[in-house]
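Let me begin by presenting the structure, written as C-alpha cells, before commenting on it.
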Amino acid sequence: TTRERERSPLGLLLAVFFCFFSTMAEFRGVSASSDGRNKADKKLMAKMKFPPNFSEKCDMKKVALEVFRPWVAKKVTGYVGMEDDILINMVMAELENEDQPDPRIVQIHLTGFLERNTGAFMAELWKLLLSAQSNYKVVGGKPVKGMPTELLKEKEEEIKKINEGLQERAKKIAEEQERELRRVE
C-alpha cells in the first residue's frame, strides 16, 4: 500500500530526493561576473568622481607592501579615532589580493568604514603606491620592491631627529663627566 511505501527506507529516500530536486529548480548559481554586487559597484563608480591618477595601474608585485601597514594603521586610527585592526587588515587585504587592484573599487569597499574620509585616504594611498612602483628596480638580477619616496623621506627625518637627540645627550653626558673630573681635582 501507499503507507507502507512511505515508511519503507526506499520510499523515504525517494521522498527526500523528490523534495530536494524539486527545490533545486528554484536555486540557481550565478557566476561572479553576473553577481549583483559587481553591478552595484559599477553603478556607484559611475556616480562617483575619482582623482586622475586612479586611471594609472599599480603592479603590486613591484611594491613593498609591508612598508604600508604602519602608514595605513596611522591613517585609519586618525580617521576612525581608534586603532581598528579589522579595518587595517581589510585595507591590506584589498591591496594584497590582486596584482593590480582597481583603486575605485577599493574606495567603494572602504566607504562604509571611513565614510567622508575615504576619498582623501585613497588619493594619498594610491599616490604612495604609484611612487613605490616607480622605485622598483632590479639589482644584480634580483628584483627589489619599491618603497614610496615620501615615506622614505619621513623615515630619514625621523632617524635624523633621533641622531640629533642622541648627539645632544652624548654631549651633555660628556660635559657632566668633565665637570665631575674638575670637581675631583
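The values are calculated or read from the model by the stated rules, or taken from the named source; none is laboratory data. Here the structure is a predicted model, which means the values were calculated and not measured. Here Cβ is always computed from backbone atoms with ideal geometry, including for glycine, and neighbour counts include all displayed protein chains. Side chains are part of the model used for accessible areas, which takes the heavy atoms of the whole protein and leaves out ligands, DNA and RNA. Shrake-Rupley method; radii C 1.70, N 1.55, O 1.52, S 1.80 Å.
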Surrounding net charge for Pro51, when Lys and Arg each add one and Asp and Glu each subtract one, Cβ distance under 14 Å: 0
Cut-off 13 Å between beta-carbons: net charge of the residues surrounding Leu114, Lys and Arg +1, Asp and Glu -1: -2
Lys137 versus Arg116: modelled label distance in nm, points set 7 Å from Cα along the beta carbon direction: 4.3
Point-to-point label distance, Lys49-Ile86, nm (Cα→Cβ direction, 7 Å offset): 3.3
Projected label distance in nm at Glu176 and Asp99, using a 7 Å step from Cα toward the beta-carbon: 5.8
Centre separation in Å (Cα based) which lies between the range 105-147 and the range 36-104: 7
Partners for Lys161 among aspartates and glutamates (Cα-Cα distance below 18 Å; same-chain residues under 8 apart left out): Glu150
Under Karplus coefficients 6.51, -1.76 and 1.60, residue-wise ³J(HN,Hα) of the range 173-178 in Hz, glycine/proline x: 4, 5, 5, 5, 5, 5
Solvent-accessible surface (1.4 angstrom probe) belonging to Arg104, in square angstrom, nearest 10: 90
Counted charge near Ile105, where neighbours are those whose Cβ lies closer than 10 Å (Asp, Glu -1; Lys, Arg +1): -2
Charge-dipole axis of the range 45-185 as Lys and Arg at +1 and Asp and Glu at -1 on Cβ define it, positive-most pick from Ile159, Gly141, Tyr79: Gly141
The range 40-98 - convex hull of the alpha-carbon atoms, volume per residue in Å³: 127
Proximal lysines to Lys47, defined as alpha-carbon separation beneath 27 angstrom and excluding residues fewer than eight positions away on the same chain: Lys39, Lys57, Lys75, Lys127
Cα-based reach from Lys160 at 22 Å (exclusive), listing lysines while leaving out same-chain residues under 8 positions away: Lys74, Lys171, Lys172
Alpha carbon Rg of the range 101-142, scaled by the compact-globule rule 2.2 N^0.38 Å: 1.54
Stokes-Einstein D for the range 111-185, Kirkwood Rh over Cα pairs, 25 °C, 0.890 mPa s (µm²/s): 147
Stokes-Einstein D in µm²/s, Kirkwood radius over Cα pairs - the range 45-157 at 10 °C with 1.306 mPa s viscosity: 109
